[in-house]
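The values are calculated or read from the model by the stated rules, or taken from the named source; none is laboratory data. Computed from a predicted model, the values in this text were never measured in an experiment. Positions of Cβ are generated from backbone atoms using ideal geometry, with glycine treated the same way; all protein chains shown enter the neighbour counts.
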Amino acid sequence: MKQEPNIRNFVIIAHIDSGKSTLADRFLEVTGTVPMRSMQAQYLDRMPLERERGITIKMAPVRMRYQEHGTWNKEQGTYILNLIDTPGHSDFSYEVSRALAAVEGAILLIDGTRGIQAQTLSNLRAAQKAGLLVIPAVNKIDLALPHIEKVIESVAALLKVSKESIFKVSAKTGVGVAELLEEVIKKVPPPKHPFSVLHSPFSRALIFDSLYDDHKGIIANVRVFDGEFKTEEMELVASGVAFKPKEVGFFSPDLKAAPKIATGEIGYIATGLKEPSLVKIGDTVISGNEQQATDNRRLALPGYREPAPVVFISFYPDGTTKFDDLKRAFEKLHLNDAALSFEPDSNEALGRGLKAGFLGQLHFEITASRLEREYNLEFLTSFPSIAYRIQDRGEVKIIKQPQDFPEKPEKVWEPIVDLEILTPQQYLSAVLGLQQVFDIEVSEVENIGDNLLIHAKMPLRELIRDFDDRLKSVSQGYASFTYELDGEREAEVEKLEILVVEEVVPALTRIVPKKDLEREGRQTVERLKELLPKEQFSQAIQAKSMGRIIARETISAMKKELGNFGKNGGDRTRKMKLWKKQQRGKERLQESARVNLSPEVFREILKK
């Protein structure tokens, strides 16, 4: 297979807050990709949300030119370095997996202050599984940490390499950065042509990300595996859509048009297409003679496994936002976030909405913030839920909506996660104490350097009960965790329904563990009693499960003044007649009573 000798494609992978984006900044400076007068911290984190939170949310590709010893020329000795900066949080692992498929090497960056962390292990396994050359580097050596040598020893032991092969860098000051970049050139293999499906000349590229531009349409981020792409007719293999792109080019890191992008390179294709559903992450773009082949599926490059959403939350338009605005924004976001899924939903008080699937709680929070900031939308969200598999009347099916959960299913299975918690030894007791709060089953504890790695199983539903916050609290922020879906098991859960004046409020229905039913029911009815205004009739607020009422509160009817009859209150007989008349009116009103929960009440009750 032919190689492209002067190209190196690589990623930076690490646990969150390890300094990936800062290291990328130094690479941009060393290579002169961004002039010093234009540099700013976290340069590749282009979203304001990323800068505010100090975390990478989206992978960010950039093309750099570099010659060893820092001298510039345009001769054969100049290397093209395609870097993809990746997120560190486990909720964005799908971003990392797609970046790994587009490169040949990875820098594994370890925070020198904390050493190996949970996502360090997870990302390392993913890189090794993808067959990438891994270069380890310990960051933050400028802090002169007394335990830095222990961190280096633990990384060397993890990778089964010598201590001398671990790079020591300071992404903040730039120490060791040029040497690390030159190691990438020496060790990361150049890209190769994959085997050709047909003998005729053709071009193929894999779409690893995309975004929407009002003028250029859908912009596909691609890794070219065969041939070259110019502004000539192209085709998407999965959808069969043919198009002529507006431009092709590279990330510098802004979009920079070029005459072509060729084998081994990472770049973009501005498709000009406006319909988001036409361009899919993992699809193959083809160009050349083979566009006329009878079965273009033969040309498809290996794509990506579909991400499995674990948390489902419904969004409903609020304020001036219309349903179509919300739907269109989700379609555009999906282009830039392939892990986001959504489908139609509805609510009796809030109208039409969308039920969205997320890879975790942070993924949801980031998406909600982007909808507000990037699309100026107003919306309400439902309680988070997960999908259950149930057997009811002999039929087995998947239930995503709590309202669809039967009252007395024969069997219920819930998704389980394989959980790894990495913690310093002094917090082991406190972390294990979380078993009293969360349904965790610890199977093994092993040593990883100076830390302990706890292997455990836990129902997925527990992750959306602020598990992350509780873990950080008991370990003073030092423990970290990662997880992946690991099958399912039978569950002890029931449907909790909330009734107002004997009518079920579907949007407040949840699936709750049996042990938490009464507490959750009691809290909800008490909160509703505070929020609902008084009416001309009394309002019974009830929590129901398995056909029985487990909690109840009552809002009494509004009282009407009967008037002041005479100096001492008026004639008692006349007063009693009016009182009885009023009671009969209330009874008739009670018979037809119905309460519609306002959006304001939903907004308050659905707050965390």
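Just a few scattered comments:
- The residue of segment 103-129 that is farthest from the chain's Cα centre (by Cα), among those that are at pLDDT 90 or above and part of a loop (DSSP other than H, G, I, E, B), is 104.
- Identity of the residue in segment 24-53, small (Gly, Ala, Ser) and in a loop (DSSP other than H, G, I, E, B), that ends up modelled with the lowest pLDDT: 41
- Residue count for segment 404-423, restricted to those that are surrounded by 16 or more Cβ atoms within 10 Å (Cβ to Cβ) and either within 19 Å of residue 489 (Cβ to Cβ) or of a type outside the set (Val, Ile, Thr) (or both): 11.
- Residues satisfying the stated conditions in segment 460-479, i.e. at pLDDT 85 or above, surrounded by 15 or more Cβ atoms within 10 Å (Cβ to Cβ) and among the hydroxyl-bearing types (Ser, Thr, Tyr): 475
- Residues (in contact (Cβ under 8 Å) with a residue 40 or more places away in the chain and not in a helix (DSSP H, G or I)) located in segment 520-533: 532
- Given (1) closer than 23 Å to residue 496 by Cβ; (2) touching a helix residue (DSSP H, G or I) at 6+ places or on another chain (Cβ under 7 Å); (3) surrounded by fewer than 18 Cβ atoms within 10 Å (Cβ to Cβ); (4) among the aliphatic types (A, V, I, L, M), number of the condition residue 398 does not satisfy: (2)
- Residues in segment 259-270 that are closer than 14 Å to residue 219 by Cβ and over 26 Å from the mean Cα position of the chain (by Cα): 261 alone.
- Restricting attention to segment 315-367, the residues that are small (Gly, Ala, Ser) and more than 19 Å from residue 93 (Cα to Cα) add up to 6.
- Residue check, residue 324 charged (D, E, K, R) and touching a His at 6+ places or on another chain (Cβ under 9 Å): no
- For segment 159-179, the condition holds for at least one residue, the condition being that it is out of contact with any Gly (no Cβ under 9 Å at 6 or more places or on another chain), small (Gly, Ala, Ser), farther than 30 Å from residue 204 by Cβ and surrounded by 15 or more Cβ atoms within 10 Å (Cβ to Cβ).
- Inside segment 376-421, residues that are assigned to a loop (DSSP other than H, G, I, E, B) and of a type in the set (Phe, Trp, Tyr) make up a count of 2.
- Selected residue [touching an Asp or Glu at 6+ places or on another chain (Cβ under 9 Å), under 28 Å from residue 86 (Cβ atoms) and small (Gly, Ala, Ser)] from 249, 264: 264
- Here residue 106 clears all of (1) farther than 25 Å from residue 284 by Cα; (2) in contact (Cβ under 8 Å) with a residue 40 or more places away in the chain except the condition numbered (1).
- Verdict on residue 389 being surrounded by 13 or more Cβ atoms within 10 Å (Cβ to Cβ), of a type in the set (Lys, Arg) and modelled with pLDDT of 90 or more: yes
- Exactly one residue among 517, 428, 471 is assigned to a helix (DSSP H, G or I), touching a strand residue (DSSP E or B) at 6+ places or on another chain (Cβ under 7 Å) and closer than 24 Å to residue 93 by Cβ, and that residue is 471.
- Checking residue 483 against (1) touching a Phe, Trp or Tyr at 6+ places or on another chain (Cβ under 8 Å); (2) within 23 Å of residue 92 (Cα to Cα), the condition it does not meet: (1)
- The residue of segment 146-173 that is farthest from the chain's Cα centre (by Cα), among those that are over 23 Å from residue 453 (Cα atoms) and of a type in the set (A, V, I, L, M), is 169.
- Test: residue in segment 492-506 that is more than 18 Å from residue 596 (Cβ to Cβ), outside any loop (DSSP other than H, G, I, E, B) and at pLDDT below 90: no
- Any chance residue 352 is over 19 Å from the mean Cα position of the chain (by Cα) and of a type in the set (D, E, K, R): yes
- Just one of the numbered conditions (1) free of Cβ contacts under 8 Å to residues at least 60 places away in the same chain; (2) farther than 20 Å from residue 510 by Cβ is not true of residue 451: (1).
- Annotation note: of 505, 493, the sole residue that is buried (at least 19 other Cβ atoms within 10 Å of the Cβ) and out of contact with any Leu (no Cβ under 7 Å at 6 or more places or on another chain) is 493.
- Condition check for residue 188: out of contact with any Cys (no Cβ under 6 Å at 6 or more places or on another chain), surrounded by 14 or more Cβ atoms within 10 Å (Cβ to Cβ) and touching a residue at least 60 places away in the same chain (Cβ under 8 Å): yes
- Members of segment 535-548 found to be part of a loop (DSSP other than H, G, I, E, B) and at pLDDT 85 or above, listed by number: 546, 547
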